[in-house]
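Enquirer: Quick one: the structure is below, questions incoming.
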Amino acid sequence: MYVEDLKNEFYEFLTGKRILLLVHYDIDSICALKILQSILKHKEVRYTLCVVRGVEDLKRSHQEHCADVKYFVLINCGGTVNLVDVLEPADDAVFFVIDAHRPTHLDNIFSDGQVRLLWGPNEDAEVPEFQAVYRDDSDDESGGEDEDEENEGEGRAAKKRRLDEEAIMRRRERRLWEQRRFDIIAEYSQYTYYAKASAVAMYKLAWLLNKDDKDLLWLAIVALTEQFLFSKIENTQYVLAAGELQAHTTRLKNRSNDADVATSLKISFEKDLKLVLYRHWCVESSLKYSMFTACKMKLWSHRGSKKLYELLADMGLPVAQSQQSFESMDLQLRKEFHESLEKLSEKYNLEDLIFTSFVLQFGYRNKYCASDIVYAMLAILESSPRDKPEECFNSALDCLSRRHKETLQKAIERAKTITKTLFKTVQAAIDMKQIITAGSFVYYIIQEGSLDWYMLSNQHILLLLAQFILRAYVSMSKNKKAPDLPLIISAPKNLELGTCIVLGIPPLRQLSPKNNLGRAFEEAAENINYDVLSDYFDTSYFEIFTKDRTRFFDALTALFDK
Amino acid sequence: MFGEKAYLLIKELDRNRDSLPPYNTELLSEIHNEVKQLVTENQEDANVSEQSRLVENVSYVPTLKIRHAAIKRNIRCILAYHYNRLKCLKTIRWQFGSILPPEVKANLSQAEIDFFSKYSSSLMQYMRGIGDDGGVNLAVNLKPPKSLYIEVRCVVDYGQLELTDGSALLLKKNSRHHLPRTECEELIRQGVLEHVV
């Protein structure tokens with residue numbers, strides 16, 4: 001059921017009640033959570049927070065709390081699964097779902113009040129009609145009985161024959177309807193993609209309630225940038241959403257307050273470069289390890305690094321300066337950095353280096369752009385093998401509040417390590433030709449013994465690696481069909497159980513991020529009668545046993561060849 | 001010199017500004033003796049002065065004045081000593097409640113212990129009288145709290161917590177909750193929950 005009047009039916013509804021917040025383990029949900037927390041503070045709501053990494057966690061948290069709590073708010077989880085079936089809740093339990101994953105499960109859309117989706121029907125594309133998907137079974141029986149009573153006058157044999165014929169007709173019609181329903185559902189759910197970020201929706205609610213401020217706006221900006229950096233949404237969608245947020249930025253600008261630099265918080269909308277963490281790193285490293293520049297200039301090869309030095313020389317940046325940290329470069333060079341890169345972008349094939357983003361400034365020393373914060377949070381959430389998820393979650397929440405600057409700094413350092421690791425992995429993969437073509441798709445397997453495998457077993461870092469590898473492969477390959485091939489990447493996940501995680505991403509030529517590899521995985525698994533442990537809410541990730549990996553890939557090859 | 005021991009008494013109190021040193025009975029009795037001695041000497045000299053006024057006109061008035069000033073100084077120091085100790089005792093009552101920890105009790109004189117119990121009981125009587133329904137414990141928050149509900153994080157695995165409205169809450173390590181202040185304060189003091197700013 002869709003809830004469009006968020007203010008009355010969600011916010012006012014939850015006043016004074018006891019709720020359970022189930023939050024998915026990713027950056028968008030953390031931002032949405034913070035916004036929701038700050039607006040719920042004004043209402044007397046008692047809530048408990050649970051971190052959810054997959055469907056199992058969702059079931060477990062629900063089980064632990066369902067005796068005392070009747071109202072559940074699910075952030076970025078649960079939209080794509082049939083909540084009533086999976087959780088088996090009590091009849092008076094109500095679920096409010098705000099989820100960016102699509103396609104939404106049909107049972108959630110057509111639920112009669114137990115599952116309430118906090119967005120409008122215009123954000124779900126191509127939802128089939130209710131009649132096409134649901135059918136009242138009792139119609140059949142009651143139809144038969146009516147006919148019985150009406151035609152008592154007829155002879156018994158004739159009536160029986162007619163009833164048999166009608167029963168057969170009805171059964172045939174039923175089968176046809178089920179076939180059509182199966183096709184409709186298959187077509188509806190074949191592509192997985194992401195819609196508007198939950199944090200942006202929460203920010204709109206805060207704005208409706210007049211409780212928005214620059215902090216909440218910054219959280220919405222971070223969530224949107226995350227979707228853009230991980231290519232979860234298309235360029236046009238990003239530009240539209242960024243335009244809306246820019247309108248809010250200008251509205252919240254306070255000229256008199258902003259004049260005092262020491263205490264003010266300024267958000268500005270600027271052109272930014274697709275270089276990872278360049279403000280907190282040295283120029284040479286940032287240019288070398290960022291996915292965009294590395295793939296365009298092939299910086300893992302010897303010729304590529306020479307080209308890099310050419311680029312630096314063309315920009316007028318001495319090598320010594322480019323190896324120092326950005327903040328210690330000459331002021332003049334720093335100011336001209338953007339423009340010189342822009343001018344040279346055509347010559348070095350670096351178009352699209354510039355994109356519009358937001359920069360946060362508070363105090364004299366703290367200037368962070370939205371992508372910096374996204375990478376820092378990614379580092380906290382996904383690169384500590386020893387910490388438990390709840391502790392990482394708490395650190396991530398700390399890092400977003402401006403009081404814990406050291407957490408943010410340490411996270412940025414770790415993000416630099418992650419970027420370097422990704423680059424080195426891609427370099428090794430290309431040099432040792434480990435990216436293998438299997439006809440209609442490309443695949444890459446991360447072996448268990450390699451360094452840093454634990455980093456790569458997490459969802460988003462694996463996604464970044466997959467995109468990096470695909471772009472690198474396409475830039476190095478002489479195969480004309482390379483931009484049309486999707487990539488499947490596999491990394492070890494749990495050494496004790498012997499499982500590995502498999503992710504598929506769409507080919508480069510396809511501009512839209514709609515991903516139908518999840519469906520391919522399911523079909524391949526069905527074909528080989530394999531029981532898959534698919535715990536993730538994003539269906540393009542699968543978990544299988546390492547020993548069955550080759551069989552699975554063979555089944556995929558057969559499927560793609562069809 | 002007169003008044004030196006009284007000065008020592010004050011210095012001792014100054015050295016231990018926030019805590020209570022043991023009740024210095026010997027020093028106090030020494031000062032007491034000094035004062036008594038001064039008083040008796042003064043009395044004799046005053047009598048002599050009085051008697052000699054009529055016969056020889058011998059006047060010890062300056063001496064009398066000096067000794068009187070010394071007596072007053074000693075008494076003032078003793079009073080300051082006692083008053084500051086009592087002030088410290090009152091702060092202890094507000095911080096720790098009406099049961100005195102044994103280390104503190106060892107440092108008090110009997111009179112101070114009596115004072116403490118009487119102060120405690122009149123404070124309890126007052127707190128019972130204000131606010132409806134049994135009174136308000138003012139010692140919980142010395143400053144008025146900013147909000148009714150606070151966000152807390154659970155630091156240890158505590159298990160089930162019974163809330164005032166009857167429902168139960170599962171407190172696992174590292175879980176976060178948003179609860180009314182009254183429910184959490186006891187647990188925050190025990191160290192089970194941690195207030196998240």
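The values are calculated or read from the model by the stated rules, or taken from the named source; none is laboratory data. Note that the structure is a prediction, hence the values are computed from the model and not measured. Note that each Cβ is placed from the backbone with ideal geometry, even for glycine, and that neighbours are counted across all protein chains shown. Heads up: the accessible areas ignore ligands, DNA and RNA and are worked out on the full protein's heavy atoms, side chains in. Shrake-Rupley method; radii C 1.70, N 1.55, O 1.52, S 1.80 Å.
Enquirer: Accessible area per residue of region A:365-426 at 1.4 Å probe, in Å²?
Expert: Roughly 41 Å² per residue, with all protein chains present.
Enquirer: Let me ask another. Does region A:416-562 classify as rounded, prolate or oblate by the C-alpha gyration tensor (a ≥ b ≥ c root eigenvalues; a/c under 1.5 gives rounded; else a/b over b/c gives prolate, otherwise oblate)?
Expert: oblate
Enquirer: If packing is taken as the average count of other Cβ atoms within 10 Å, what order do A:237-246, A:172-181, A:322-331 fall into, highest mean first?
Expert: In decreasing order of mean packing, A:237-246, A:172-181, A:322-331 become A:237-246, A:322-331, A:172-181.
Enquirer: Using only alpha carbon positions, build the gyration tensor of chain A, then give the equivalent ellipsoid semi-axes as the square roots of 5 times its eigenvalues, largest first, whole angstrom.
Expert: Listed largest to smallest, the semi-axes of chain A are 47, 31, 21 Å.
Enquirer: Then there's this: Viscosity 1.306 mPa s, temperature 10 °C: what is the translational diffusion coefficient of chain B from Stokes-Einstein with a Kirkwood Rh over Cα pairs, rounded to a whole number of µm²/s?
Expert: Answer from the Stokes-Einstein relation: 72 µm²/s.
Enquirer: If you don't mind, another one. Once you have a ≥ b ≥ c as the square roots of the Cα gyration tensor eigenvalues for region A:254-398, tell me rounded if a/c is under 1.5, and otherwise prolate or oblate according to whether a/b is larger than b/c.
Expert: oblate
Enquirer: Note the angle between two axes, namely the Cα long axis of helix A:459-476 and the longest principal axis of the Cα atoms of chain A, as a number of degrees from 0 to 90, rounded to the nearest 10.
Expert: In chain A, helix A:459-476 runs at an angle near 70 degrees to the longest axis.
Enquirer: Determine the dipole magnitude for the protein assembly as shown: charges of +1 sit on the beta-carbon of Lys and Arg, -1 on that of Asp and Glu, nothing else is charged, the reference point is the Cα centre, and the result goes in debye to the nearest 20.
Expert: The calculated dipole for the protein assembly as shown is roughly 3920 debye.
Enquirer: Restricting to DSSP H runs of at least four residues, report the calculated mean residue ellipticity at 222 nm for chain A, -39500 (n - 2.57) per run over all residues, nearest 500 deg cm²/dmol.
Expert: The helix-only estimate for chain A comes to -15500 deg cm²/dmol at 222 nm.
Enquirer: Shifting gears a bit: From the C-alpha coordinates alone, can you work out the Kirkwood hydrodynamic radius of region A:186-293, in Å?
Expert: It works out to 16.1 Å.
Enquirer: A further question on this structure: Sorted from largest to smallest, which semi-axis lengths in Å does the alpha carbon gyration tensor of region B:137-189 give for its equivalent ellipsoid, taking the root of 5 times each eigenvalue? Write down the numbers at each step before the final one.
Expert: On the way: eigenvalues 86, 31, 22 Å².
For region B:137-189, the ellipsoid semi-axes come out as 21, 12, 10 Å.
Enquirer: Leaving ligands and nucleic acids out of the surface, order A:420, B:105 by accessible area at 1.4 Å, largest first. Can you show the working numbers first?
Expert: Numbers: A:420 70, B:105 100 Å².
Of A:420, B:105, the descending order of accessible area is B:105, A:420.
Enquirer: How much accessible area does residue A:273 have with a 1.4 Å probe, in Å² rounded to the nearest 10?
Expert: Spelled out: residue A:273, probe radius 1.4 Å, area about 0 Å².
Enquirer: What's the buried accessible area, both sides, between A and B using a 1.4 Å probe, rounded to 100 Å²?
Expert: On the way: alone 27190 and 13850 Å², together 39320 Å².
Chains A and B together bury roughly 1700 Å² of accessible area.
Enquirer: Given a cut-off of 15 Å, what percent of all Cα-Cα pairs of region B:1-80 lie beyond it?
Expert: Of all Cα-Cα distances in region B:1-80, 61 percent exceed 15 Å.
Enquirer: Please give the net charge around residue A:97, taking every other residue with its beta carbon less than 13 angstrom from that of residue A:97, where Lys and Arg add +1 and Asp and Glu add -1.
Expert: -2
Enquirer: Next up: With 24 Å as the limit, write out which pairs from A:514/A:562; A:367/A:424; A:211/A:266; A:274/A:420; A:196/A:416; A:306/A:343 have Cα-Cα distances beyond it, or answer none. The partial results should precede the final answer.
Expert: On the way: A:514/A:562 21 Å; A:367/A:424 29 Å; A:211/A:266 18 Å; A:274/A:420 16 Å; A:196/A:416 28 Å; A:306/A:343 19 Å.
Listed pairs above 24 Å: A:367/A:424; A:196/A:416.
Enquirer: Leaving out ligands and nucleic acids, and using a 1.4 Å probe, what accessible area per residue does region B:122-187 come to in Å²?
Expert: Accessible area per residue, region B:122-187: 61 Å².
Enquirer: If you don't mind, another one. Measure off 7 Å from each Cα along the Cα-to-Cβ vector at residue B:49 and residue B:12, then give the distance between these two points in nanometres to one decimal.
Expert: 3.3
Enquirer: Here's a follow-up. Report, as an integer, the average count of C-beta atoms from other chains found within 10 Å of each Cβ along B:174-184.
Expert: Mean partner shielding for this stretch: 5.
Enquirer: Of the accessible area of the protein assembly as shown, with the probe set at 1.4 angstrom, what percent is carbon plus sulfur?
Expert: Of all accessible area on the protein assembly as shown, carbon and sulfur atoms account for 51 percent.
Enquirer: Working from Cα positions, state the angle (0 to 90°, nearest 10) between the long axis of helix A:198-208 and the longest principal axis of chain A.
Expert: Here the helix axis deviates by roughly 90 degrees.
Enquirer: Once both labels are modelled 7 Å past Cα along the beta-carbon direction, what's the residue A:187-residue A:127 spacing in nm?
Expert: The two pseudo-label positions are separated by 1.8 nm.
Enquirer: Next up: Using only Cα atoms and rounding to the nearest 10 degrees, what angle (0 to 90) does helix A:55-65 make with the longest principal axis of chain A?
Expert: 70
Enquirer: Any chance you could run the full-extension gain for residue A:254 through residue A:172? It's 0.36 nm times the residue separation minus the Cα-Cα distance, nm to one decimal.
Expert: Net length gain for the segment: 22.6 nm.
Enquirer: Still on this structure: Probe 1.4 Å, all protein chains in place: accessible area of residue A:419 in Å², nearest 10?
Expert: About 10 Å², ignoring ligands and nucleic acids.
Enquirer: List the residues of region A:25-51 for which accessible area in the full set of protein chains is at least 10 Å² lower than for the chain on its own; 1.4 Å probe, protein heavy atoms only.
Expert: A:37, A:41, A:44, A:45, A:46, A:47, A:48, A:49
Enquirer: Label residue A:347 and residue A:477 with points 7 Å out from Cα along Cα→Cβ: what is the distance between them in nm?
Expert: Spacing of the two 7 Å Cα→Cβ label points: 3.2 nm.
Enquirer: Classify region A:475-533 as rounded, prolate or oblate from the Cα gyration tensor: take a ≥ b ≥ c as the square roots of its eigenvalues, call it rounded if a/c is under 1.5, otherwise prolate when a/b beats b/c and oblate if not.
Expert: Verdict is prolate for region A:475-533.
Enquirer: Any idea of the accessible area per residue across region A:288-345, 1.4 Å probe, to the nearest Å²?
Expert: Result: 54 Å² per residue.
Enquirer: Under the 0.36 nm per residue contour assumption, what length would be gained going from the current alpha-carbon distance of residue A:510 and residue A:44 to full extension?
Expert: 163.0 nm
Enquirer: Turning to a different aspect of this structure: Above 20 angstrom, tally the Cα pairs of region A:370-432 and express them as a % of all pairs, no decimals.
Expert: Taking all Cα-Cα pairs of region A:370-432, the fraction more than 20 Å apart is 31 percent.
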